[in-house]
Amino acid sequence: MNQSKKSIDWSNLGFSYVETDLRFSARWRDGVWGDGELIPSADMAVHEGSPVLHYAQACFEGLKAQTAPNGDVLLFRPDLNCQRMGRTTERLLMPTVPESLFMRGVESVVRADGAGSPPHGSGASLYIRPFLIGVGENLGLRPAPEYEFRVFVSPVGPYYKGGGLSLINLAVIDLDRAAPKGLGAFKAAANYAGGLLATQMAQSLGAQEALYLDPAEHRFLEEAGSANIVLKMKDGSMVTPESESILPSVTRRSVMTLASDVLGLSVSERPVDFLAEVDDIDEFAACGTAAVISPVGKIRMADHWYHFHGDGEMIGPTTQKLYDLLTEIQRGEREDTFGWTRAV
Ligand code: PLP
Ligand code: COI
């Protein structure tokens, strides 16, 4: 790592870029993928006409590596990230990154920066960012002539300020993230540029992120700017919003499996009419690779704050249990009966 491992204060890392020694780069030209290689430079030189710069022909993924007690470095369900990138590339008319190339990219960077994987128990993890951009000389609106697939890593701590399992706030603001048949269900870079203003508006209201309602009626829960939503209802069931314009989260899928298969809760994915059902919600949580499971203490909508997790000071017991189960599996502290982790 550029920053010596010894000089990193693991327990105080936030979610910021820390440069590491090597990243993986592969080019797609004339219809074929090159082998790819590890390279030292964090900079990229691209043609000024590159479609990524003008027309946002870009997509990315995010996953984490964690160090287990026995020293193994574990990836969490990387196959699902690869599949999701495949769905996104199809939607953006980009070439598919074959699973062998995706995994080679991810594993070679993690191995190369193995010395940079945060130690077990430090509370930090190695965030992995695979991405694909359309590059090369171009002017009109059409797919790029060439593509670059890159993977870099950065050691990270908690995504939200406050750290670990602290309560966050969300705010419903008057902007939509995605249209029903638009890009919402894909990890397209364009979704995130569109969300910057929404995040800023939510933060000016005292929240960490925006909470989106469905763009057609503004009634049904969608997701937060960088995380899906899971709800523990007062009747004891777990519910997650169904929508065709949210990103299908790897974390959410895992959390819902843990809720049903380990905690024995009844689980469902269905439309959730926020104001009609808000009084039935006991624990509200945001989940994602970066967000892990973040309990939501309160949500602002139309000048009113709605509170969850009791009085909003405590973390609900179900959210706590799900957080423990998920993170223990991810860190290799609990037997991985689902076969979700993969040692690099
Ligand atoms: N929703 C959005 C918009 C995201 O950016 C992310 C982060 O990847 C998620 C949800 C959570 O997805 P995952 O659990 O696969 O990281
Ligand atoms: C992730 O959780 O991996 C994401 O991609 C969210 C990102 C906005 C940091």
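Scanning segment 176-208 for residues that are of a type in the set (Lys, Arg) and either within 14 Å of ligand 1 (Cβ to nearest atom) or under 22 Å from Ile293 (Cα atoms) (or both) gives Arg177, Lys187. Scanning segment 101-113 for residues that are in contact with a helix residue (DSSP H, G or I) (Cβ under 8 Å, 6 or more places away or on another chain), farther than 25 Å from Tyr323 by Cα and polar (S, T, N, Q) turns up nothing. Kindly provide the set of residues from segment 254-281 that are closer than 19 Å to Leu211 by Cα and part of a helix (DSSP H, G or I), ordered by number. Across segment 254-281, the qualifying residues are Phe274, Leu275, Ala276, Glu277, Val278, Asp279, Asp280.
Condition check for Leu170 on (1) away from ligand 2 (no atom under 16 Å from the Cβ); (2) under 25 Å from Leu322 (Cα atoms); (3) in contact with a Lys or Arg (Cβ under 9 Å, 6 or more places away or on another chain): one failure, at (1). When segment 39-69 is filtered for residues that are within 24 Å of the chain's Cα centre (by Cα), more than 16 Å from ligand 1 (Cβ to nearest atom) and touching a residue at least 12 places away in the same chain (Cβ under 8 Å), the ones remaining, listed by number, are Ala42, Met44, Val52, Tyr55, Gln57, Thr67, Ala68. Collect the residues in segment 47-67 that are away from ligand 2 (no atom under 16 Å from the Cβ), part of a loop (DSSP other than H, G, I, E, B) and crowded, with 16+ Cβ neighbours inside 10 Å, keeping them in residue-number order. Result: Ser50, Gln57.
Could you look through segment 70-119, keep only residues that are in contact (Cβ under 8 Å) with a residue 60 or more places away in the chain and among the polar types (S, T, N, Q), and pick out the one that is surrounded by the fewest Cβ atoms within 10 Å (Cβ to Cβ)? Once the filter is applied, the top-ranked residue is Asn70. All of Val278, Val292, Val296 fail the test of being among the aliphatic types (A, V, I, L, M), within 11 Å of ligand 1 (Cβ to nearest atom) and either farther than 20 Å from Leu183 by Cβ or in the same structural domain as Pro78 (by TED's automatic domain parsing) (or both), apart from Val292.
State which residue is farthest from Ala291 (Cα to Cα) when the search covers only segment 159-175 and only residues that are buried (at least 20 other Cβ atoms within 10 Å of the Cβ) and not small (Gly, Ala, Ser). Across segment 159-175, the extreme among qualifying residues is Ile173. Say we look at segment 189-225 and pick out the residues that are of a type in the set (Ser, Thr, Tyr) and surrounded by fewer than 23 Cβ atoms within 10 Å (Cβ to Cβ); which of these is nearest to Pro51 (Cα to Cα)? Within segment 189-225, the match that is nearest to Pro51 (Cα to Cα) is Tyr192.
The values are calculated or read from the model by the stated rules, or taken from the named source; none is laboratory data. In this text, all values refer to a predicted model and were calculated from it rather than measured experimentally. Note: ideal-geometry Cβ built from the backbone for every residue, glycine included; neighbour counts use all protein chains shown.
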